[in-house]
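Below is one structure, written out as structure tokens, with a few remarks after it.
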Amino acid sequence: MKYFSRYLPLADEARQQSLYVQARGHQLIPPHASYPPTSHPADHQFRWEQGRTLQEYQLVYIASGGGLFESRSAGRRRIEAETLFILFPGEWHRYSPDPETGWDEYWVAFQGRIAETLIAESSLSPSDPLLGGQPTERMQHEFVQIMEEMRREAIGYQKVIGARTMLIMATATASSLRRGFEGTDILNAIERGKTILFEQMEQNINMEEMAATLGVGYSLFRKSFRKYIGMSPAQYHLELRINEASHLLRTTTLPIAAIGLRVGFESAGYFCRIFKRKTGQSPGEHRNMAQG
């Protein structure tokens with residue numbers, strides 16, 4: 001059995017971070033070995049028969065092997081290789097590898113005022129705490145980097161391992177969302193639509209007609225585009241225009257009205273209103289700030 005864990009002494013300064021890591025571990029459990037190892041602190045130790053409840057969040061990644069997971073809100077779930085799951089504070093749970101296979105487990109424990117926000121923004125919840133299909137090499141790299149930082153305890157390491165923990169969550173959530181689009185016709189339509197919107201940035205585009213040329217209904221295209229990109233096609237087109245206008249204001253001496261026309265605004269007044277609404281600055285203020 002290969003086992004490593006580290007529970008950190010935490011200074012008051014570390015506990016003030018928006019997210020701070022308390023502990024990190026790795027355990028390679030061979031077939032027919034007892035689980036869990038007995039070297040956990042008493043408040044983190046558990047047996048399958050009893051389960052346990054933690055006071056902090058934990059991210060657990062199973063790189064290989066498989067087993068069972070059970071919690072109060074999620075019920076019993078099968079865990080396959082390349083699965084990331086989260087343990088919630090105050091949520092009774094238990095998990096264990098299959099005796100015939102064992103498993104390779106990485107975990108990190110964390111708290112902080114931003115933790116709940118990050119969890120809420122992810123697809124993880126007490127009733128749905130598992131994310132399968134997480135690439136092993138990427139996940140292992142981040143957990144190993146956290147372990148190396150904790151071993152060194154060099155200045156600033158808590159900030160680094162906190163950021164890496166957030167990266168694990170963001171990467172896992174994005175990976176799960178993207179899998180629903182991989183290889184689909186709608187993803188092809190979204191990518192082609194993005195190209196059209198960029199190449200015709202200065203033109204007024206009828207989004208329904210564009211969707212028709214892409215071979216998809218507008219309602220489905222708009223809903224899928226928003227889910228994949230984070231904004232509607234029309235919003236995306238407008239943001240491209242505003243970004244290009246910002247670039248021209250910062251790098252050229254073109255008159256503001258001419259820049260508005262170049263990025264598709266027929267009225268200088270309308271361009272100025274939209275630019276300020278989006279950036280918080282008028283085009284003139286934006287140009288003056290860029291020029292120092």
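Observations
- Relative contact order of the chain, defined on C-alpha pairs under 8 angstrom at six or more residues apart (%): 14
- Inter-label distance, nm, simple model (7 Å from Cα along the C-beta direction), LYS159/ARG273: 4.3
- Neighbours of TYR236 by Cβ distance under 11 Å: Lys/Arg scored +1, Asp/Glu scored -1, total +3.
- For the range 99-104, 3J(HN,Hα) per residue [Karplus equation, 6.51 cos²θ - 1.76 cosθ + 1.60, θ = phi - 60°, Hz, x = Gly/Pro]: x, 6, 10, x, 6, 10
- Exposed GluC sites (Glu not before Pro) absent - longest run of the chain, DSSP non-H/G/I/E/B, at most 10 other C-beta within 10 Å: 183-265
- Loop-resident sites, the range 51-127, for trypsin sites (Lys or Arg not before Pro), counting at most 13 other Cβ within 10 Å (DSSP): ARG113
- The number of Lys pairs in the chain with C-alpha atoms less than 30 Å apart, excluding pairs fewer than 8 positions apart on the same chain, is 9.
- Taking the helices alone, the chain has a mean residue ellipticity at 222 nm of -14000 deg cm²/dmol, built from -39,500 (n - 2.57) per DSSP H run of at least 4 residues and averaged over all its residues.
- Using the Cβ-Cβ distance between ARG179 and THR253 with R0 set to 41 Å, the FRET efficiency works out to roughly 0.30.
- Of all complete DSSP H helices in the chain, those with a Cα span along the helix axis of 15 Å or greater and a mean Kyte-Doolittle hydropathy of -0.5 or more are 157-179, 185-199, 268-279.
- Mean separation of Cα pairs under 8 Å and 6 or more residues apart, divided by the residue count, gives the range 1-149 a relative contact order of 29 percent.
- Long-range amide H partners of TYR20 with built H, under 5 Å: GLN111, GLY112
- Altogether, the Stokes-Einstein calculation at 37 °C and 0.692 mPa s, with the Kirkwood radius of the chain over Cα pairs as Rh, returns a diffusion coefficient of 146 µm²/s.
- Nearest-0.05 FRET efficiency for PHE198 and LYS223, computed from C-beta distance (R0 25 Å): 0.75
Since every read-out is calculated from the coordinates, none of them should be taken as a lab result. Keep in mind it's a predicted model, so treat the numbers as computed, not measured. No Cβ is skipped: glycine too gets one built from the backbone with ideal geometry, and neighbour counts run over all protein chains shown.
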